[in-house]
Amino acid sequence: MSKVIEIKSINQHQKNDVLEVVYEIGVNDSSFLLEYQISGSWEGEIAAYCDSPIVSFLYDALLNGYDFKSEYPISEKLYYNLTKHFIPHMCAMNHLQPIHIDAPLSNKKFTGKWVGTGISCGVDSMATLKEYTTEDVADDYKLTHLLYFKIGAHHGGHAQPVPEELENRIFRDELQVVKSFCKKYSYPLIIVDSNINTLSNQMWGTHDFFEVFEYRNSAVMLMMQNHFSKYYHATGYATFMGFVMDIHKGLEHNEWWSLPLFSSDNLAVIPANMAMTRIEKTKYISDFEPSYNHLMVCWNGKKNCGVCPKCIRTQVALDWLGGLQKYNKVFDLEKYYQGKSYYLRQIVDQRKTDQFYCELYEYASENGIKLPPPSNFFRDTFYKLKSLCYRMTLGQLRR
Ligand SMILES: [Zn+2]
């Protein structure tokens, strides 16, 4: 008997200022409720399509060989994107059995004109904000709304399953930063809370967030496709550098190919940030005034800790680019300069395992920036000298 994920019902109701959306999902003999609460600058209802839950669970369906079934329609464009491109290529490259989608097609056009991107106040989202608010882009491409989702990103570096209390605490803390940023710069903000991370852990077992976040982000946007025409996804890596199709590594190394395939007849999912590397993005935002007092790169919550890999790489890049002083409200610069030699050594030591540290290491080499030797340099040198002495002694004995 084939395995099926069935979208059994889609319900929504307004409760005060919050729209609650509940997808009932049938898997084998069990039913699960995938819930979203949409608040902030949202108006009206969502369209009752199965696009969103299908993309939400596509990763697990592919890995576990589940087909999808729904009496609710799927957007025609998304259907063909998935069944003619995404699914065949992912299956072929990962030696998986093809899966099928059984749902009526719809090419209905909604009138939504909103253009959105996620806002975490990190480097990628600030770069996207600058790109589509200050550059000369057509009106239809200008950002109109910022979005903030709880879909598993608030792990704080904790391994999955993340305790719900921790996830909720980080979500609330970061939301305060995001809200104050949107208030100051008058950006409409839509907040989407969800149980998808907890639910997915129950249904499929735990996943690291990087394995699933692109599916979940796009799925939330597809839920709101009756209002949004475009969604800019801030990219993590530059262009096709290190292009990877291993499904277990998530989509961040192939997002220039995969993300547009989550587009529907109404919503275009667009990778943002052009072809910029992380250092180029840091440079790009360093003359973007809204970032100065609000840049938040840390996993830790509402305040940059200054010592985690994300904080280190951002401070070092800004320091080398000559812009760190502008960020003295969001980083403790005295603490940074005290620990700087240790941070630089971390970059040298971890350059082979951390792509962003590798990028900084190469930038330093190309720009004549002096870096310390690796931590094991002295130990290695000691053993090399000892070995040399030993070999020389042996050579003398033989003579
Ligand atoms: Zn940090």
Review point. In segment 289-305, which residue that is surrounded by 17 or more Cβ atoms within 10 Å (Cβ to Cβ) and within 25 Å of Val115 (Cβ to Cβ) is nearest to the ligand (Cβ to nearest atom)?
Key: Val297
**Study point:** Residue check, Tyr80 farther than 30 Å from Ile191 by Cβ and assigned by TED's automatic domain parsing to the domain that holds Tyr215
**Key:** yes
Review point. Could you count how many residues in segment 306-331 are within 12 Å of the ligand (Cβ to nearest atom) and buried (at least 17 other Cβ atoms within 10 Å of the Cβ)?
Key: 11
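Considering only residues that are assigned to a loop (DSSP other than H, G, I, E, B), crowded, with 18+ Cβ neighbours inside 10 Å and either free of Cβ contacts under 8 Å to residues at least 40 places away in the same chain or over 14 Å from the mean Cα position of the chain (by Cα) (or both), which ones fall in segment 149-174? Even if it seems obvious, please write down each step before you answer.
Of segment 149-174, the ones assigned to a loop (DSSP other than H, G, I, E, B) are 150-163.
Still in the running and crowded, with 18+ Cβ neighbours inside 10 Å: 150-155, 162.
Those that are assigned to a loop (DSSP other than H, G, I, E, B), crowded, with 18+ Cβ neighbours inside 10 Å and either free of Cβ contacts under 8 Å to residues at least 40 places away in the same chain or over 14 Å from the mean Cα position of the chain (by Cα) (or both): His154, Val162.
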Exercise for review: Of the conditions (1) open to solvent by 40 Å² or more (accessible area, probe 1.4 Å); (2) within 16 Å of the ligand (Cβ to nearest atom); (3) basic (Lys, Arg), Lys283 clears all except one; give me its number.
Suggested key: (2)
Check your understanding: What helices (runs of 4 or more DSSP H) completely inside segment 1-88 contain at least 1 residues that are surrounded by fewer than 21 Cβ atoms within 10 Å (Cβ to Cβ)?
Key -> 58-64, 76-81
Review point. How many residues are within 15 Å of the ligand (Cβ to nearest atom), closer than 17 Å to Lys370 by Cβ, open to solvent by 70 Å² or more (accessible area, probe 1.4 Å) and not aromatic (Phe, Trp, Tyr) when one looks only at segment 332-353?
Key: 0
**Study point:** Scan of segment 103-141 for residues that are surrounded by fewer than 17 Cβ atoms within 10 Å (Cβ to Cβ), over 30 Å from Ser9 (Cβ atoms) and charged (D, E, K, R), ordered by number
**Key:** Glu135, Asp136, Asp139, Asp140
Practice item. Mind listing whichever residues of segment 212-236 are open to solvent by less than 30 Å² (accessible area, probe 1.4 Å) and either in a helix (DSSP H, G or I) or acidic (Asp, Glu) (or both)? Key: Val212, Glu214, Tyr215, Arg216, Asn217, Ser218, Ala219, Val220, Met221, Leu222, Met223
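The values are calculated or read from the model by the stated rules, or taken from the named source; none is laboratory data. Only a predicted model underlies this, so the values are computations on that prediction, with no experimental measurement involved. As a convention, Cβ positions derive from the backbone with ideal geometry for all residues, glycine included, and neighbour counts pool all protein chains shown. Note: areas computed on protein heavy atoms with side chains; ligands, DNA, RNA excluded. Shrake-Rupley method; radii C 1.70, N 1.55, O 1.52, S 1.80 Å.
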